[in-house]
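The values are calculated or read from the model by the stated rules, or taken from the named source; none is laboratory data. This is a predicted model, so every value here is computed, not measured. Ideal geometry is used to build each Cβ from the backbone, glycine not excepted, and the neighbour counts take in all protein chains shown. What goes into the accessible areas is simple: the full protein's heavy atoms, side chains included, and nothing from ligands, DNA or RNA. Shrake-Rupley method; radii C 1.70, N 1.55, O 1.52, S 1.80 Å.
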Amino acid sequence: MKIAVIGGGPAGLMAAEAAISRSARVDVYDAMPSVGRKFLLAGKGGLNLTHSEPAEKFLARYGARRAEIQQLLNGFGPDVLREWARGLGVETFVGTSGRIFPIDLKSAPLLRKWLRRLRHSGVAIHVRHRWCGWDENGALRFATPQGDRLVSADAVILTLGGGSWPQLGSNGAWVQLLAERGVSIKPLRPANCGFDVNWSQHLRTRFAGHPVKPVVVSGVTLEGNEFRQQGELVVTEAGIEGSVIYALSAWLRDEITAKGLGHILLDLAPDRALARIINDLSRPRGSRSMASHLKRCVGIEGVKACLLREFVPKKEFFDPVLLGASIKALPIQLLATRPMEEAISTAGGVVFETLDARLMIGALPGVFCAGEMLDWEAPTGGYLLTACFASGHTAGAGAVAWLQSRRNL
Ligand SMILES: Cc1cc2nc3c(=O)[nH]c(=O)nc-3n(C[C@H](O)[C@H](O)[C@H](O)COP(=O)(O)OP(=O)(O)OC[C@H]3O[C@@H](n4cnc5c(N)ncnc54)[C@H](O)[C@@H]3O)c2cc1C
């Protein structure tokens, strides 16, 4: 049984491991000079492998694809993932937010140990092999520095990633290759992404890169449900990004798609009630500037004060009731999502309805898919990697089971 895994990210490497442990011969091909580049980048800010919250809450993170991801997690869920990491000699811990990280927070040691184990078990890894589709006889076509190479395999597992951070290898070029073969694919869109805001030149030059915290971001989804989340956002040259924005980004992206603009409200003083703010702002200001009055009464200065200046009309700025209302609910219009290349992940991809339970594409027998290239999305928090590992495991085991079932015919 010869299985070709194309794409050496977490989903592909997990598929390779699942397949070789079931006695297949496995070759991994990747376009880049080394594998796991996005996985390595994920470790830069602390590798969030998975999350410790109860299963119901965990599954709800996958929204409309909850049922499909649940099937995958049944075979390789968060607890199994932690055990798997332990098996590599990488202990994990639960952070205060419930997120789960390797003790050293890094991905490089884990990846190094994993690759060593894979190679030791017989997985052959071929880098600088960019998959370009199939030739007329069904062989896999790769572009390599030595020229084109044709490879035949009994089954193929595609784990080509989404379309974010293309410089790390996943550029979404596979969409066309599979669409030409009749595979049903939802367009790739940015997920866990930032948004454009029409800042003034003053705010841009003075405060790009500044965090706004604490802050509560609220709004209403297209379905009419209210969302409200405390966290941190960052003002950028182009607009806003940061963990709280990423968490809400699917709703905001969908609102922009449907209505042309997205809308959020910022509570710039989440720890203070409106009545107290109005009361404090109503104290005599004397000869103090409005800036120092705001700072002394409400603790608002720097980027938060600049945001108020930017969006509160001048005549309202000096009215404690109106200014207080803006401090608690400052409306910001989002013009567009930032480009997909900058996003943490992508939504869209190969739709589950085109796949069987083993993640084989119905229209292409013997071709399996896993990882971010499937049509699901989730917020940050370890949910992305968990689903990539789980789907890789399902596809790897599924490809072997499919080959065995054909042998027994
Ligand atoms: C900055 C950042 C931080 C992140 N942090 C976290 C985190 O802490 N926790 C979390 O859960 N998730 C995190 N993620 C998301 C996570 O890294 C991805 O969801 C995950 O790597 C996707 O895995 P994958 O195997 O599906 O695809 P990828 O990791 O993208 O791997 C796909 C592979 O396919 C190869 N490839 C693509 N096209 C071809 C081709 N034509 N031929 C050959 N090879 C090809 C690519 O070179 C690549 O190696 C982060 C992402 C980013 C960008």
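Just a few scattered comments:
- Protein accessible area in the chain, 1.4 Å probe - carbon and sulfur %: 52 percent
- Taking 21 Å as the limit for the C-alpha separation, the pairs LYS38/LYS113; LYS44/LYS113; LYS295/LYS315; LYS38/LYS106; LYS2/LYS106; LYS2/LYS38 exceed it in the case of LYS2/LYS106; LYS2/LYS38.
- Classification of region 1-71 by its C-alpha gyration tensor yields an oblate form. The axis ratio a/c (a ≥ b ≥ c) is 1.5 or more, and b/c is at least a/b.
- Unit charges at the beta carbon, dipole of region 1-116: most positive-side option, VAL80, MET14, SER34: SER34
- Mean accessible surface per residue for region 300-409, computed with a 1.4 Å probe while every protein chain stays in place, in Å²: 37 Å²
- Degrees separating the helix 383-407 axis from the principal Cα axis of the chain, which is the longest one: 20 degrees
- Accessible area per residue for region 21-179 is 50 Å², calculated with a 1.4 Å probe on protein heavy atoms, without ligands, DNA or RNA.
- Evaluating 6.51 cos²θ - 1.76 cosθ + 1.60 at θ = phi - 60° for every residue in region 22-34, the Karplus couplings come out as 10, 6, 7, 9, 10, 10, 9, 10, 9, 5, 8, x, 8 Hz, glycine and proline recorded as x.
- Rounded tilt (10° steps) of 78-87 against the dominant C-alpha axis of the chain: 60 degrees
- Classified by the C-alpha gyration tensor, region 307-354 has a prolate form. Its axis ratio a/c, with a ≥ b ≥ c, is 1.5 or above, and a/b is larger than b/c.
- Amide H contacts of VAL5 (H built 1.01 Å from N, under 5 Å, at least 5 apart or other chain): ASP27, VAL28, TYR29, ILE157
- Positive dipole terminus of region 276-370, leading residue within ALA357, ILE327, MET340 (C-beta point charges): ILE327
- Computed from Cα positions, the angle between helix 66-75 and the longest principal axis of the chain comes to roughly 50 degrees.
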